[in-house]
Amino acid sequence: MLYTIDKEHHGKKLLDYLRRTLALSRAELTSLKQKENGILLNGRHVTVRAVLSEGDVLALHRADAENSESILPRPLPVEVLYEDDDVIAVNKAAGMPTHPSHDHQEDTLANGLAYHFGQKGIPFVFRAVNRLDRDTSGVVLVAKNRGAAYLLSRAMSEGRIAKRYLAVVTGTVAEEGAVEKHIRRRTESLMERTVCPPDEGQYAKTLYRPLASQKGLSLLLVAPETGRTHQIRVHLASEGYPICGDTLYGDPAGSPHIKRQALHALSLTFPRPSDGEDVTVQAPLHPDLAALAALAGGDPSTLS
């Protein structure tokens, strides 16, 4: 990665720039020091005691040197929406888990990305910035190095990453609204969540706005302000508007219109690690959800 030193950082020590401005962790800084060309200033190897001048070009070799041993490369479809030196954003398919688990070792987004980068001869460690349920489609952002992962994790905790979803729900939603209800794991379940009193769970807030409504269905634009497990699904069901096809929350028999929960991560806005500028990535609807959105009165061509 290349960084051009601006006037603000003229005269500062490189160590200060690396730790404070680029927010490198102690572990990554140690790793860069140990690489032959880990830190170059104007093409020359320097120590972190070097003093910066305006216009200097700093090169950091932040790429991973080895693959994740636990992730098996598999030739799975990967739809790339955006990519730079630090991140890759993809449109995850419904039915594909984000990361490996006991029951899913070779059919996940992580497996597909490991193969994708392996074909290019690039070492890959899977660092998902956001994660989607297996049957939720849409934008997943993955950091390509430890530095980017650290910066984006911090941005997430500071509320600087914005996510928008599309959901088709059962029922007629006439007005926009906000759901502020705490969420906890249902006692007898390892997976299921439920709303609960404030002293029993984690605070969660979800905003929603109807885009269309007909035939007993509503198409909603949803913006979660927190990131709890199953938050959108739990919150909408608690308001009496379960997501179509969500057999875990409010639609136990499934839907005749779609074979999975009708939820799609439409867009994600994040500060680009290299310069802090906001980038918005949008994911086109998959055919099954596009058809259901149209049934609810929406125009799929305007929803991506």
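Could you work out the relative contact order of the chain, using alpha carbon pairs under 8 angstrom and six or more residues apart, expressed as a whole percent?
15 percent
Can you classify the stretch 136-242 as rounded, prolate or oblate using the Cα gyration tensor, where a ≥ b ≥ c are the square roots of its eigenvalues, rounded means a/c under 1.5, and otherwise it's prolate if a/b beats b/c and oblate if not? Don't skip to the answer; put the middle values down first.
On the way: a/c = 2.08, a/b = 1.34, b/c = 1.55.
Taking the square roots of the gyration eigenvalues as a ≥ b ≥ c, the stretch 136-242 is oblate.
May I ask which of 13/33; 92/215; 13/35; 92/259 have a Cα-Cα span longer than 23 Å here? Mind dumping the intermediate values first?
Numbers: 13/33 15 Å; 92/215 29 Å; 13/35 20 Å; 92/259 16 Å.
Violating the 23 Å Cα-Cα cut-off are 92/215.
Just reorder 278, 6, 246, 56 by solvent-accessible area, largest first, 1.4 Å probe, all chains present.
Heavy-atom accessible area, descending, gives 278, 6, 56, 246.
Quick one: pull the percent of accessible area on the chain belonging to carbon and sulfur, 1.4 Å probe, ligands and nucleic acids left out.
Numbers: 7210 of 15100 Å².
In the chain, the share of accessible area belonging to carbon and sulfur is 48 percent.
I'd like the accessible area for residue 57, computed on protein heavy atoms only with a 1.4 Å probe and all protein chains in place. Round to 10 Å², please.
That residue has around 60 Å² of solvent-accessible surface.
To the nearest 10 square angstrom, how much accessible area does residue 280 have with a 1.4 angstrom probe?
80 Å²
Using all C-alpha to C-alpha distances in the chain, build P(r) with 10 Å bins and read off the rounded percent in each one.
That works out to 6, 24, 29, 22, 12, 6, 1, in percent per bin.
Taking 8 Å as the Cα distance limit and 6 or more residues as the minimum spacing, I'd like the relative contact order of the stretch 114-247 as a percentage.
It rounds to 22 percent for the stretch 114-247.
Sort 194, 247, 108 from largest to smallest accessible area, using a 1.4 Å probe on the heavy atoms of the protein chains.
In descending accessible area the options line up as 247, 194, 108.
Using DSSP to call loops (not H, G, I, E or B), can you name the trypsin sites (Lys or Arg not before Pro) in the stretch 12-49 whose Cβ has at most 12 other Cβ atoms within 10 angstrom?
Passing sites in the stretch 12-49 are 49.
At a probe radius of 1.4 Å, what is the per-residue accessible area of residue 71, in Å² to the nearest 10?
20 Å²
Taking only C-alpha pairs under 8 Å that are 6+ residues apart, what is the relative contact order of the stretch 192-276 in percent?
Worked out over the stretch 192-276, it gives 19 percent.
Going by accessible area, probe 1.4 Å, with all protein chains left in place, what is the ranking of 137, 153, 274, 189, largest first?
Output order, biggest surface exposure first: 153, 274, 189, 137.
How large is the accessible surface per residue of the chain, computed with a 1.4 Å probe and reported in Å² as a whole number?
50 Å²
Evaluate the charge dipole of the stretch 171-304 about its Cα centre and quote only its size in Debye, nearest 20, assuming +1 on the Cβ of each Lys and Arg and -1 on the Cβ of each Asp and Glu.
It comes to approximately 360 debye.
At 0.36 nm per residue, and after removing the present C-alpha to C-alpha distance, how many nm does the segment from residue 10 to residue 158 gain when stretched out fully?
50.5 nm
Please work out whether the stretch 218-304 counts as rounded, prolate or oblate from its C-alpha gyration tensor, where a ≥ b ≥ c are the square roots of the eigenvalues and a/c under 1.5 means rounded, while otherwise a/b larger than b/c means prolate and anything else oblate?
Here the stretch 218-304 falls in the oblate category.
Please give, to one decimal in nm, the separation of the simple spin-label points placed at residue 259 and residue 172, each 7 Å out from Cα toward the Cβ.
Output for this residue pair reads 3.2 nm.
Post the alpha-carbon centroid distance, the stretch 107-180 to the stretch 186-251, in whole angstrom.
Value for the Cα centre distance between the two parts: 18 Å.
The values are calculated or read from the model by the stated rules, or taken from the named source; none is laboratory data. Remember, predicted model here, so these are calculated numbers, not experimental data. Positions of Cβ are backbone-derived with ideal geometry, glycine not excepted, and every protein chain shown enters the neighbour counts. Note: areas computed on protein heavy atoms with side chains; ligands, DNA, RNA excluded. Shrake-Rupley method; radii C 1.70, N 1.55, O 1.52, S 1.80 Å.
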